[in-house]
Amino acid sequence: MTAGTPLLSVEELVVRFRTHEGTIHAVNGVTFQLEEGERLGLVGESGCGKSVTNLAMMRLLPQPAGRIEGGHVMFDAQDLTKLREDELRSIRGRDIAMIFQDPMTSLNPVLTVEEQMIETIMAHREISRDTARARAIELLTMVGIPQPEGRLKSFPHQFSGGMRQRVMIAMALSLEPKLMIADEPTTALDVTIQAQVLELLRGLTEQSGTALILITHDLGVVAGMTNRINVMYAGYIVESATTLDLFAAPSHPYTVGLLRSIPRLDAQAGDPLVPIEGRPPDMRHKPTACPFAARCRWRLDVCWQENPPLRPTIEGTPIVLTGPGATHQIACFNPPTVEEQVAGRPMRAGFVTAPPPAGTVDEVGAGRIGSTDDLEGMIGDIQSEEGPISLAPSAGALPLPPEPEHHTDGFLHDD
Amino acid sequence: MLRFIVRRLLGVIPVLFGLSILLFAFIHLLPGDPATAILGQHATAERVAAMREYLGLNDPLWQQYLAYLDRILHGDLGASIINNQPVLHEFLVRFPATIELTVAAMIFAAGVGIPLGRFAARHAQHWPDGGVTIVSLLGISIPVFVLGLTLQYIFAVQFDLLPASGRIDPRAGLEFRTNFVLIDSILMGSPSLFIDGLSHLILPAIALGSIPLAIITRITRASVLDVTNEDYVRTARAKGLAERRINSRHIMRNAWLPVVTVLGLQIGGLLGGAVITETVFGWGGVGTFAVDAIFNRDYFVIQNTILIFAVIFLMVNLLVDILYAVLNPRIRYA
Amino acid sequence: MAAPAVPVGQPIERRASRGLWGDAARRLMRNRPALVGLVFIGIFVAAAILAPFIAPFGPLEGGLAQRLQPPSTVHVMGTDAQGRDEYSRVLFGAQVSLIAGIASVIMGVTIGGSIGALAGGVGGKLDAVLMRFVDAMLAVPGILLAIGIVAFLGRGLPQIMFAVAVVNVPIFARILRGSLLSLRESDYVTAARSIGASGPRVLVRHMLPNSLSPLIVAATLALATAIIDVAGLGFLGLGPPDPRTPEWGTMLTDATKFIRQAPWLLFFPGAAIVISAIGFNLLGDGLRESLDPRMRR
């Protein structure tokens, strides 16, 4: 770890939403750090709290529902959770810039690109409109927009989706921020455009030494983009590692699930795709047990009772939060072994996924006692002795439990 | 932009055709012989024959319609049976009074409704919807004449603060030139006449403006709340813009759009409400002209008041559409 | 282990759905403004139905000896210029408003709905022509259109009902046409078509029931404006031909002559109109919220 304080240090951040449906425990004590120039990926399913974490850092939570209920966000030796609104305003856009998922709706439809770029620059610098305009042209050139002088007068709807996201990136970079937060920047774009925009984002942040937090649900996106990855689930960081470590040895059952549920080029023929069954838990209750237990094949009885803390994969290792030597940490009582990481399911002889305790309903197995899930666990045992048996078709056809209603509330911006 | 305007203008033409057919049909709704009905039972045979000739009643229906179309296109809206004056002339003499009233009502409705709607949106969380909901509910539930009479009773009869009826104190000696009281008083250079005219205008304008006030408040509040939750407002905050600038440039620039449309649509209601308001307040405009015409069975006046009001409504909304396009680049360049 | 944990895997409690109408009724019962509206409507309808039984006097009964008496225990709302009991006249006036209101809305829905169904269902040139007429009617201020129709057709309760109905025709026509058009594009109509349902069958079985809820909402709100428009015509002197008929708008016109001596004559009919209008407006808004499942919170 390099000397001095990190650029960003989030400590035990807690965010809750008060809604008609009750309190949503969106972020439940998240701690991580970022050094200058570092690129961090925040990965997880919709509603896991990754976007909320970042909106909370910037204090841009939807009002009045969203509130920071605990923790600190230290940036440049200031606690962002305690700054006055006007002090915060001078940091937003200038030191920390954000780009959002949908470039269709993130740019104001009635203002020209010029107006929107210039107002950003002029909000933070005492310069003339002409200077600001020159800077805007320079930025648009930088992000690869042809004939930038002409395009300045255009309105957002006159650009394609990819071009609009380039404009967003140009705007975000206009004040040479120390940190850029990109929230699903390519999710709304065509696949062919995604790679271009990601490459642009990586190149420009690398060039300027801007630190980057890249939020995505797609592990494939962060692979080539980031130095480190935090995997989030139900408002917790469940695995934190350098990108290399994470892909080499995904150690939390959820991460394993994420990796096994995307097709891979290096997969061997016959390797099944293993989807993660079920849905994230109901966030109206603060979990007192492992939030992933209901969907986990590796769970033990203890997983139904206690929430595992985040700790190093190798016990006793000193905890380093940043840099290439960052400690690999997970929050799990029963991490998959190396073979299981590859196979995506428990393979230990005699291991049986702990049944849910009496009085609770298992979301994965709800109403399906003796379901394929249990069956697969058993076959898993057999398989370790008798060779692989593909279960992919039946696993893919499993019915999903009904979607919890609060996911359609619309104020979580993960979707 | 020019193509947009031309397209919208062309779009109005079929509607005007529909309108002219409907109004043409009105004359044939009259019980018995239209010419006799228009002139009354006591008209001489020659006058009835002349009227039949004028209306073309001896021709086939489609020729009658074409003749009617030809007349209105040439500005011939018939003559009032009361004084035999051309309807158009009689209408235009009284029209300034109605314009004065509706414009004042609109200024009241928009001037109070828009700030009220913005205020309600800003305090939507602290100040439960109740207040604005009740104001707008009362606004649309109280008929113009009930509100007008109530205002008249409270402010004119009970407390004698404002005049109960009329446009100006007839003894004050205003010379009518443009037939706009406020403009004529300025032309005469008389502040006291201006104030007198204004004081006559207040109650009718409030009575007439209450419904649009309710609707404008509602739509402004809803629109501001909608825009406040837009992604680009979050972007503006994330860029570190001042709250004031976010409000004026990012929120209001977009929130205006539905408000402008609703403002235009209110014109119809205002013109209709003016007919009743003028009756309540003895306001000598087109409205009282039309109501008097009902009792005098002056059918050309009624028919053509409807025509002119509808044309005004269509034209105002055409202008509003153009204004909307100016405000909204997505339409302008579509 | 910590305090009794909320079980992790417990699915969210789900209420049994009782179908569109059951759900709507349940949501309506929880909508307080709508309930207030129902109470107001209840008072209005009860006054109309019970008038002959609860009114202390007949609507035309009175003599100049009792004229313009202020509210008292005998005449709770005072008496009018002919010495008739104002309270009894307000009660009987509810009958006129209720009958004229309901009749005109039924007429408006029938005429407007037919135009809308024809335009939306058939489409093409017919749609274009019909909708231009609808636009033309919308361009005329409602009350002025009603005035015009009564003026040309002659005075009378049926003419009043028809005139007020015509004012609402373009509204109903547009609603029905609009929902038919959007439904035509929607997935479940495509689905019904794809399993071989015939055109008219799709229209009747699938599309109409789904256009119904906006129509019901509009009809409820139209009742409020119909009551106001009927009273407005009465106020302008275009009420029922017999000037003695207890009609709220006509009563208001009569009252204006005595605004100094007998202001209560303004107050009570005015309040009656406002309360009925508020009732239907509140219920209409409540219905809109409860019939639209998307408004569910």
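Where a number appears in this text, it was derived from the coordinates with a stated rule and is not lab data. Everything numeric in this text was worked out from a predicted model, so none of it was measured. Neighbour counts run over all protein chains shown; Cβ positions are idealised from the backbone, glycine included.
Under the Karplus relation 6.51 cos²θ - 1.76 cosθ + 1.60, θ = phi - 60°, what is the ordered set of whole-Hz ³J(HN,Hα) values for segment A:326-331, x standing for Gly and Pro?
4, 6, 7, 10, 9, 10
For segment C:25-82, divide the Cα radius of gyration by the Kirkwood radius and give the resulting Rg/Rh value with two decimals.
My calculation of the ratio gives 1.22.
Which shape class, rounded, prolate or oblate, goes with chain B when its Cα gyration tensor gives a ≥ b ≥ c as root eigenvalues, a/c under 1.5 marks rounded, and past that a/b bigger than b/c marks prolate?
Judged from the Cα gyration tensor, chain B comes out oblate (a/c at least 1.5, b/c at or above a/b).
Check which residues have an amide H placed less than 5 Å from residue B:242's amide H, if you skip close sequence neighbours.
Under 5 Å from the amide H of residue B:242 lies no amide H from a residue far enough along the sequence or on another chain.
Which of rounded, prolate or oblate describes segment A:66-203 when judged by the alpha-carbon gyration tensor and an a/c cut-off of 1.5?
Oblate, since a/c reaches 1.5 and b/c is not below a/b.
Of the residues B:299, B:54, B:324, which exhibits the maximal mean-square fluctuation in a Gaussian network model of chain B defined by a 10 Å Cα contact cut-off?
Most flexible of the set in this elastic network: B:54.
Can you tell me the FRET efficiency between residue A:31 and residue B:245 if r is taken as the Cβ-Cβ distance and R0 is 30 Å, rounded to the nearest 0.05?
Once the sixth-power term is evaluated, E becomes 0.30.
Once both labels are modelled 7 Å past Cα along the beta-carbon direction, what's the residue A:354-residue B:73 spacing in nm?
8.9 nm
Below 23 Å, Cα to Cα, which lysines can residue B:239 reach? Residues fewer than 8 away in the same chain don't count.
Candidates past the 8-residue exclusion: A:50, A:82, A:153, A:178.
For residue B:123 and residue B:50 in one chain, what is 0.36 nm times their gap in residues minus the Cα-Cα distance, to one decimal in nm?
Taking 0.36 nm per residue and subtracting the Cα distance, the gain is 19.6 nm.
What distance in nm separates the simple spin-label points at residue C:195 and residue A:72, each placed 7 Å from Cα in the Cβ direction?
Here the answer is 6.3 nm between the modelled labels.
Taking H placed 1.01 Å from N in the peptide plane, check which residues at least 5 places from residue B:284 or on another chain put their amide H under 5 Å from its amide H.
HN-HN under 5 Å from residue B:284: B:167.
Let's see if you can work this out: charge +1 on each Lys and Arg Cβ, -1 on each Asp and Glu Cβ, no other charges. What is the dipole magnitude of segment A:125-204 about its Cα centre, in debye to the nearest 20?
220 debye
Just to confirm my numbers, what's the Cα centroid distance between segment B:57-126 and segment C:98-124 in Å?
What the calculation gives is 27 Å, centre to centre.
Pick out the long, greasy-scoring helices in chain B: whole DSSP H runs spanning 24 Å or more along their own axis by Cα, mean Kyte-Doolittle at least 1.6.
Helices meeting the span and hydropathy rule in chain B are B:2-29, B:299-327.
Quick one: work out Rg over Rh on the C-alpha atoms of the protein assembly as shown, Rh as Kirkwood radius.
Using only Cα positions, Rg/Rh for the protein assembly as shown is 1.06.
FRET efficiency for residue A:122 and residue A:5, Cβ-Cβ distance as r, R0 = 25 Å, nearest 0.05?
FRET efficiency, residue A:122 to residue A:5: 0.20.
Can you tally the net charge around residue A:257? Count Lys and Arg as +1, Asp and Glu as -1, for every other residue whose Cβ sits under 12 Å from the Cβ of residue A:257.
0
For segment C:231-248, what does the Karplus curve 6.51 cos²θ - 1.76 cosθ + 1.60, with θ = phi - 60°, yield as ³J(HN,Hα) per residue in whole Hz, taken in order and with x for Gly and Pro?
Each residue of segment C:231-248 in turn: 5, x, 4, x, 4, 7, x, 10, x, x, x, 7, x, 7, 3, x, 10, 4 Hz.
How many angstrom separate the Cα center of segment B:1-55 from the Cα center of segment A:79-107?
Measuring centre to centre over Cα atoms gives 63 Å.
³J(HN,Hα) across segment A:91-97 via Karplus (A = 6.51, B = -1.76, C = 1.60, θ = phi - 60°), whole Hz, x for Gly/Pro?
8, 4, x, 8, 9, 10, 10
Among B:302, B:183, B:276, which one moves the most in a GNM of chain B with springs linking Cα atoms closer than 10 Å?
B:183
In deg cm²/dmol, rounded to 500, what helix-only [θ] at 222 nm does chain B give when every DSSP H run of at least 4 residues adds -39500 (n - 2.57) and the total is split over its residues?
Counting only the DSSP helices, I get -24000 deg cm²/dmol.
Using a Förster distance of 35 Å, how high is the FRET efficiency between residue B:42 and residue B:199, based on the Cβ-Cβ distance and rounded to 0.05?
Computed FRET efficiency for residue B:42 and residue B:199: 0.20.
Where does each of C:253-266, C:97-110, C:40-53, A:121-134 land if you order them by average Cβ count within 10 Å, highest first?
Averaged packing, sorted descending, gives the order C:97-110, C:253-266, C:40-53, A:121-134.
Once you sort the root eigenvalues of the Cα gyration tensor of segment B:194-276 as a ≥ b ≥ c, which label holds: rounded (a/c under 1.5), prolate (a/b larger than b/c) or oblate (the other case)?
Prolate shape, in that a/c is at least 1.5 and a/b is the bigger ratio.
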